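The block underneath contains the structure these notes are about, expressed in structure tokens.
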Amino acid sequence: MMTYTASHLTYLLLCHRKLWLHHRQIRMEDNSVDVAAGKLLDRATYQRRAKKWSQLVCDTLKIDHFDPLAKVVKETKKSPKLEHAHVAQLKYYLYALERRGVAGATGLLEYPAQRRTLEVALTEADRSVTIPGWEAEIARIVGLDECPPLVKKSYCGECAFHDFCFV
Ligand code: SF4
């Protein structure tokens, strides 16, 4: 089974059209307020904890905040609006680490604006059913000959492909 990136997984959960476009390396600059705020927030948090967190890059795996001593992956998000996708992203990072020989890592999901922190762990069901299911569905969608049809979502206005989809 091919290994996909965390972006593939996020787009699987948010928009199949975006997943298909992303897989074909079609990129559009995302200047949305949410993304800018997210980057700013991420940088601010990172600077406060710069000594603890490192960036980990290993072939297709790129984790921005990894504590190699405690084996913790951290994601900081602006809003819990898409929490299911944030949790899935962290689980996919943990799974990708296991595949590369780093077992027993855990995830930390932070929403500083809401003063909320969640711990995320990989379960047996994630390993044997959920994540293989995600990967099979990603493979099916990216293998489609045509871009999946437009289905409007509440977050289309914040998507980098908005002009592409709605012009
Ligand atoms: S604008 Fe909406 S439909 Fe188009 S790629 Fe983005 S999320 Fe998907």
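The values are calculated or read from the model by the stated rules, or taken from the named source; none is laboratory data. Since this is a predicted model, take the numbers as computed values, not measurements. Glycine gets a Cβ as well: all are built from the backbone with ideal geometry, and neighbour counts include every protein chain shown. Surface areas here come from the heavy atoms of the whole protein model, side chains and all, with no ligands, DNA or RNA. Shrake-Rupley method; radii C 1.70, N 1.55, O 1.52, S 1.80 Å.
Some observations on this one:
- A 1.4 Å probe over all protein chains sorts SER54, SER154, SER128 by accessible area into SER154, SER128, SER54, starting with the largest.
- For the chain, with +1 on Lys and Arg beta carbons and -1 on Asp and Glu, the positive-most of ALA136, HIS22, LEU56 along the dipole: LEU56
- One quarter of the surface of the convex hull around the alpha-carbon atoms of the chain equals 10.2 nm², the direction-averaged projected area.
- Taking each DSSP H run with n ≥ 4 as -39500 (n - 2.57) and averaging over every residue of the chain yields -12000 deg cm²/dmol at 222 nm.
- In the assembled protein chains, LYS52 presents an accessible area of approximately 110 Å² (probe radius 1.4 Å).
- Packing rank of 87-93, 120-126, where each peptide gets the mean count of other beta carbons within 10 Å, highest leading: 87-93, 120-126
- Given +1 at the Cβ of Lys and Arg, -1 at the Cβ of Asp and Glu and no other charges, the dipole of the chain around its Cα centre is 540 debye to the nearest 20.
- The range 6-161: antiparallel DSSP beta bridges as a percent of all, rounded to 5: 70
- Summed side-chain charge close to GLU124 - residues other than GLU124 whose Cβ falls under 15 Å, Lys, Arg +1, Asp, Glu -1: 0
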